[in-house]
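Enquirer: Quick one: the structure is below, questions incoming.
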Amino acid sequence: MHGKIKVLIVDDSSYSRQTIKEMIETDAEIEVLGVASNGVEAMAKTVKLRPDVITLDFEMPEMDGFSFLRWIMKDRPMPVIMVTSFSDSTTVFKALEFGAVDFVAKPSKRASMELHNIQDDLIQKIKSTRHLKMDRVGISSDPVEQAPEDDERVAYALDQDGPSQNIRVVTIGASTGGPTALQVVLTRLPAKFPAAILISQHMPRGFTRPFTDRLAKLSRIGIKEAADGDLVEPGNALVCPGGYHMTLKSKNGLVRVALREPAQKDRYIPSVDLMMSHTAEQFGPSAMGVVLTGMGNDGKNGIVEIKRKGGYTIAEAESTAVIFGMPNEAIKTGAVDRVLPLYKIAGEITMTLMGKRDKKWKKN
């Protein structure tokens, strides 16, 4: 993608179309080619104008967002960013599987003047498409996601009692492309998983609960949205709520979640760095850090802290990452032990842990 990023805005609200156009054109790298009020008009303008990126609302007359998304991904795949209301939260993650690359939460109609509050987030996500690999979007729907030999190696590891890294907490961080990448990893972990899992996925308030509920239905491990005071314990995955940071605190030998409100200056919310640094402090060499797809460098410092304390670190390979920014920044520190394609990460995590179980769950 060279020159300005050319955008088509698709939204049934004339106010939203005009406001989105005004806000994203404040960036010199972005040009709005046109707007459309429904899916049928959007199809015609996509063919005629040939945009680089489409912003898409789902609630439209004549042809809804899903129908348009299915068409665009089949006939002319390109980055689609959903600009959708909180009421659509249960459909967002299905749309990501269909091929949408990311989403921005649009305020309710009653608070339409707050639409300008999404400006920085939307501009950043549009600009991140310069580094996007469309062939990796929607990877969780790919029928060849994990080689059979990996499944066999994981099953073998479950029955062994050999040496292991003795990992008690696995931390996973992701941004753009993360929801589908996390689904690939978490749905491949075994029910007898002997460690806790902490997850920070860049996501706004109101969306992590349906995201977590969806993952829980698809996975063999327990997965829930983290709450303040939740115990960090084996076999369960805790997802940091959107709009918060996840830190840890210990008392009487037990480690619990301590949610923290972000500061106005914070760039990444939730912060992968903060989650991993706290885990390194509490669990030392018993911590694992995994950085998946995403724009920016969140997780870079956290991976260094985990490695400095003797933990184990993994980054997603460029060959499968939707955006290689976060994994690449982690790799460049020299603190990453393994660089693996997405479909091999669950097997690597499992085999590292399952050789030996440690039932003592206390602070180092």
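Enquirer: Which of the helices (runs of 4 or more DSSP H) contained wholly in region 258-364 include at least 1 residues that are assigned by TED's automatic domain parsing to the domain that holds residue 203 and in contact with a Pro (Cβ under 8 Å, 6 or more places away or on another chain)?
Expert: Values: elements: 272-283, 300-308, 325-332, 342-354.
Here the list reads 342-354.
Conditions (1) closer than 21 Å to residue 96 by Cβ; (2) buried (at least 23 other Cβ atoms within 10 Å of the Cβ), marked per residue:
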| residue | (1), (2) |
| --- | --- |
| 192 | no, no |
| 201 | yes, yes |
| 204 | yes, no |
| 214 | yes, no |
| 220 | no, no |
| 229 | no, no |
| 259 | no, no |
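Enquirer: When you scan region 307-323, how many residues do you find that are of a type in the set (Gly, Ala, Ser), within 17 Å of the chain's Cα centre (by Cα) and surrounded by 24 or more Cβ atoms within 10 Å (Cβ to Cβ)?
Expert: Count: 2.
Enquirer: Here is a follow-up. Among the residues of region 2-44, how many are in a helix (DSSP H, G or I), among the basic types (Lys, Arg) and surrounded by fewer than 19 Cβ atoms within 10 Å (Cβ to Cβ)? Talk me through it step by step, then tell me what you get.
Expert: Filtering region 2-44 down to residues in a helix (DSSP H, G or I) leaves 14-24, 39-44.
Retained after the next criterion (residues that are among the basic types (Lys, Arg)): 17, 21.
Those still in the list that are surrounded by fewer than 19 Cβ atoms within 10 Å (Cβ to Cβ) too: 21.
So the answer is 1.
Enquirer: Just wondering, is there one or more residues in region 276-295 that are free of Cβ contacts under 8 Å to residues at least 40 places away in the same chain, more than 14 Å from the chain's Cα centre (by Cα) and within 20 Å of residue 125 (Cβ to Cβ)? Full working, then the answer.
Expert: Just the residues of region 276-295 that are free of Cβ contacts under 8 Å to residues at least 40 places away in the same chain, to begin with: 277-278, 280-281.
The next check asks that each one be more than 14 Å from the chain's Cα centre (by Cα); those that pass are 277-278, 280-281.
From the residues that got through so far, the ones that are within 20 Å of residue 125 (Cβ to Cβ) too are none.
No, every residue in region 276-295 fails to be free of Cβ contacts under 8 Å to residues at least 40 places away in the same chain, more than 14 Å from the chain's Cα centre (by Cα) and within 20 Å of residue 125 (Cβ to Cβ).
The values are calculated or read from the model by the stated rules, or taken from the named source; none is laboratory data. Please read all numbers here as calculations on a predicted model, not as lab measurements. Note that we place each Cβ from the backbone using ideal geometry, even for glycine, and neighbour counts take in every protein chain shown.
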